[in-house]
Every structure is written in C-alpha cells, then in structure tokens.
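The values are calculated or read from the model by the stated rules, or taken from the named source; none is laboratory data. Please read all numbers here as calculations on a predicted model, not as lab measurements. With ideal geometry, Cβ positions are generated from the backbone for all residues, glycine too; neighbour counts draw on all protein chains shown. These accessible areas exclude ligands, DNA and RNA; they are computed on the full protein's heavy atoms, side chains included. Shrake-Rupley method; radii C 1.70, N 1.55, O 1.52, S 1.80 Å.
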Amino acid sequence: AVLILLGPPGAGKGTQARKLEQDFGLVQLSTGDLLRAAVAAGTAAGLQAKAVMEAGGLVSDEIVLAILKDRMAAPDTGRGVILDGFPRTAGQAGALDALLAGSGQRVTAAISMEVEDAPMIARVAGRYTCASCGEGYHDEFRQPAKAGVCDRCGGTAFRRRSDDNAETAGARLAAYHAQTAPLIAYYEGRGLLHRVDAMRGIDEVAQALSGIVSRVS
Ligand code: AP5
Ligand code: ZN
C-alpha cells in the first residue's frame, strides 16, 4: 500500500504516521525528517534546503524528489509506505505517480487531515521530540507518562525544531494553503481521497485513520 497523509503543519501527520507504522507494519517516510537529516549531515542538498526550511518555505521539487526516490529504493518500503508530508506540490504528485507506475504500483489512498488554522500554530510551537527515537511530545497536549523520560525508548534527551516558532509556523501554513491544499482536489477527482477531522484528540484521530487504512489496504 502507498498511503499519503495530507495536512498543514501541526495537523498530526508525524504523530499518526508513527502509530500506523507500529500498528500496520508500514514504513513511515517523512520528507521533513529526510531533509532535516540531510541538513544535519551537511550534504549539498541539505545546505540548499536549510535556509528555505528555516524561513518556512518549500524546498525545491528537484531536491525533495531526489531524496524521496533514494529512500523509496530501499528494500523495506516493499512492506508499504505512509508518505508523511509528501507530495506537497502538483509537480511532486505527478512525479510520485510516475515513480510508482515504473514499478507497477499506484497511490492506494490520500488522507486529508482537516484542521483549523489558528490552533495549529499552538500545536507546532509547543512541540518537542525524543532525541533518540523521535517520538513526538507537546508541552500541553502530550507529555511523557514519567516527566523527562521518553515513553517509547526511555531516553532522557529531547529537542525542538528550529522552525517551530509562531512566525515560521505562519509561513509554513501559508505555503500549505498556496501549494499543497490544491492536491486535495487532485486526489478527490481520482476517487482516492478520505477526509479525517483532525481537531479531535490524538487517540480519536488514530481510530479514524486505522479504520480507513484497514478498509483500503
Ligand atoms: P515537515 O517536517 O513535514 O513539517 P510540517 O508539514 O510543517 O509538519 P509538522 O511536522 O510541523 O506537523 P505534523 O503534521 O507532522 O504534526 P505532529 O504530528 O508533529 O516539513 C518541514 C519543512 O521541510 C517544510 O516547512 C519544508 O520547508 C520542508 N519540506 C518537507 N517536506 C517537503 C516537501 N515534500 N516539499 C518541499 N519542502 C518540504 O504534531 C504537532 C504537535 O501537535 C505535536 O507536538 C503533537 O504531539 C501534537 N498533536 C498531534 N496531534 C494532536 C491532536 N490530535 N491533538 C492535540 N495535539 C496533537
Ligand atoms: Zn524515545
């Protein structure tokens, strides 16, 4: 299966993709994570992406597609993938279709995580993750069961993203509306779109997503 999670910053794509990975054995593939890894590694693509990401804009299709193709070529993706934060432009959506067609595959479903703009800034600004396993937390909405200790791996170091401030989050939201939201109609027109109310709590959203994934895969 090839599942797409569409939604603005803070909609919960990463949170839910990690749950689906655990529950359905799918591979989470986040272009945001891959780009942050490229930035940390100081690759040529990472150096170009860094400033764009810090300003809250979209990295060029060329760089994103090169990174995605590379990752899709790894054998574990044969189990099925959840694309988290990709595609984000019409060009990326077309390139994904072509890439999948090359191996006799197609998009199974695109799930739009529907949220309101204003609360999303708060979700993004309060977010932090475990430095060892990447599990996501939030100052207000999702703290570890034991303060300062990761629920998933027991790690005690956490970090925040440099683009998780109110100003950059606003720019990311604007980029979503201008360039990514039109993909909802693209997948709807092909009968592949499912909508989920992602303003609800994490567990309720997870249940709704599990229902969809069970039905389509
Ligand atoms: P990326 O890493 O993809 O960031 P994003 O899309 O802005 O999404 P986020 O990671 O901010 O949000 P999320 O929906 O995953 O929410 P999360 O689950 O963490 O991209 C970063 C940058 O990389 C982009 O700005 C761009 O520059 C570049 N980039 C990446 N992909 C690209 C592409 N394809 N093309 C071009 N450029 C690209 O949840 C957020 C917080 O809320 C968490 O703390 C969580 O615990 C909490 N939370 C989650 N769900 C709920 C809930 N239901 N109720 C309450 N709290 C919740
Ligand atoms: Zn952890």
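Computed over Cα pairs, the Kirkwood radius of segment 22-147 leads via Stokes-Einstein (0.692 mPa s, 37 °C) to a diffusion coefficient of 198 µm² per second. Using a probe of 1.4 angstrom and keeping all protein chains present, the accessible surface of segment 126-217 works out to 55 square angstrom per residue.
By the Kirkwood approach, averaging reciprocal distances over each pair of separate Cα atoms, segment 1-62 gets a hydrodynamic radius of 13.0 Å. Remark: spin-label model distance Ser210-Gln48 equals 4.2 nm, labels positioned 7 Å along the Cα→Cβ axis.
Under the rule a/c < 1.5 gives rounded, and otherwise a/b versus b/c splits prolate from oblate, where does segment 120-200 land using the Cα gyration tensor? Since a/c reaches 1.5 and a/b is larger than b/c, the shape of segment 120-200 is classed as prolate. Around the Cα centre of the chain, unit charges on the Cβ atoms of Lys, Arg, Asp and Glu (plus for the first two, minus for the last two) sum to a dipole of about 340 debye. Considering all C-alpha pairs of the chain, those separated by over 32 Å amount to 12%. Shown for the chain: the carbon plus sulfur share of the solvent-accessible area, taken with all protein chains present and a 1.4 angstrom probe, equals 52%. Considering only Ala44, Ala125, Ala109, the Gaussian network model of the chain with Cα springs below 10 Å gives its largest mean-square fluctuation to Ala44.
For segment 84-159, the equivalent ellipsoid derived from the alpha-carbon gyration tensor has semi-axes of 33, 18, 10 Å in decreasing order. For a Förster distance of 22 Å, can you work out the FRET efficiency between the beta-carbons of Asp70 and Ala40, rounded to the nearest 0.05? The pair Asp70/Ala40 has a calculated efficiency of 0.85. Note on Glu140 and Ser217: the model spin-label points, each 7 Å out from Cα along the C-beta direction, lie 3.2 nm apart. Between the alpha-carbon centres of segment 69-113 and segment 165-217 there is a gap of 16 Å.
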